[in-house]
Amino acid sequence: MATWPGAPDPHQAAGYHGPQLEAFAAAGADLATALTLTDVPEAIGIVQAARAVGLPIAISFTVETDGRLPSGPTIADAITTVDATAAPDYYLINCAHPTHIRAGLSQPGTRGQPGPWINRIIGVRANASLKSHAELDDAEHLDEGDIGTLAAAQAGLTAALPALTILGGCCGTDHRHVAALWGTAG
C-alpha cells in the first residue's frame with residue numbers, strides 16, 4: 001500500500017487519533033468525521049481508533065486535480081482498501097473541486113463504470129477553485145472560483161454519486177457558492 005511521505009502506518013494513526021476520539025466518545029458525540037485525508041493507512045488507523053471506543057466514524061478523502069489522493073491511490077482503491085480492513089460508517093470527499101473529484105470516479109478496468117464502492121460516498125464538500133492544492137497553498141488570497149462553473153460541475157458530480165445526501169462547500173466557498181450548489185441561487 002503506497003503512502004504519503006511521512007504518513008503514519010495504521011497502528012501509529014490509531015494511537016495518534018485515539019485520544020481525541022476517546023474524548024469525543026466520552027463526551028457523548030454521535031459521530032466523528034475525519035476530513036481531508038490524503039492517505040489510506042491513516043484512514044484505516046482512524047477507523048480502528050473510533051471502533052475501539054465505540055464511536056461511529058466517517059472518512060473524508062481529498063483528491064488532486066487528477067482525481068487521485070495525494071498519496072497516489074484512486075478513490076476506488078482507497079475506499080475498497082479501507083473497507084476491507086476497517087470499514088467506516090460512510091465516506092465523503094472534500095477540499096477538491098467537483099471536476100477533480102469527478103476525474104477520480106472511473107475505476108480502471110471497468111470501462112469507465114464505477115463499482116459498488118461509489119455507493120459508500122454520501123457527501124461532498126467542494127472547493128470553489130479549479131487550482132491544485134499546491135497552487136492554493138502558494139496563493140496569497142483564497143480563490144473563490146467561478147460560482148457558475150462550480151455549480152455546473154457539482155450538478156454533473158451529483159448525478160454520478162447515487163448515494164449523495166451531504167453537499168456543502170470547503171475552501172473558497174461562502175453562502176453564495178452553497179446556494180448555487182443547492183440550486184437556490186437567485
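The values are calculated or read from the model by the stated rules, or taken from the named source; none is laboratory data. Values in this document were obtained by computation on a predicted structure and should not be read as measured data. Note: ideal-geometry Cβ built from the backbone for every residue, glycine included; neighbour counts use all protein chains shown.
Going by the structure shown, is Asp138 surrounded by fewer than 17 Cβ atoms within 10 Å (Cβ to Cβ), within 28 Å of Ala27 (Cβ to Cβ) and out of contact with any Asp or Glu (no Cβ under 7 Å at 6 or more places or on another chain)?
Details: surrounded by fewer than 17 Cβ atoms within 10 Å (Cβ to Cβ): yes; within 28 Å of Ala27 (Cβ to Cβ): no; out of contact with any Asp or Glu (no Cβ under 7 Å at 6 or more places or on another chain): yes.
No, not satisfied.
Please enumerate the residues belonging to the stretch 42-54 that are of a type in the set (A, V, I, L, M) and surrounded by fewer than 20 Cβ atoms within 10 Å (Cβ to Cβ).
Ala52, Val53
Yes or no, residue by residue, for (1) over 18 Å from Gly172 (Cβ atoms); (2) β-branched (Val, Ile, Thr); (3) under 17 Å from the mean Cα position of the chain (by Cα):
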residue: Ala58; (1), (2), (3): yes, no, yes
residue: Ile75; (1), (2), (3): yes, yes, yes
residue: Thr85; (1), (2), (3): yes, yes, no
residue: Cys95; (1), (2), (3): no, no, yes
residue: Leu130; (1), (2), (3): no, no, yes
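Which members of the stretch 28-41 meet the condition of being under 19 Å from Trp117 (Cα atoms), free of Cβ contacts under 8 Å to residues at least 40 places away in the same chain and surrounded by fewer than 24 Cβ atoms within 10 Å (Cβ to Cβ)? Give the derivation first.
From the stretch 28-41, those under 19 Å from Trp117 (Cα atoms) are 33-41; that's our starting set.
Now drop any that are not free of Cβ contacts under 8 Å to residues at least 40 places away in the same chain, which leaves 34, 37-39.
Result: Ala34, Thr38.
When you check Ser129 against the structure, is it touching a helix residue (DSSP H, G or I) at 6+ places or on another chain (Cβ under 7 Å) and of a type in the set (Ser, Thr, Tyr), yes or no? Steps first, answer last, please.
Details: touching a helix residue (DSSP H, G or I) at 6+ places or on another chain (Cβ under 7 Å): yes; of a type in the set (Ser, Thr, Tyr): yes.
In short, yes.
At least 1 residues that are touching a strand residue (DSSP E or B) at 6+ places or on another chain (Cβ under 8 Å), more than 25 Å from His11 (Cα to Cα) and modelled with pLDDT of 95 or more in each: list the helices (runs of 4 or more DSSP H) lying fully within the stretch 58-174 that qualify.
Correct list: 98-103, 147-160.
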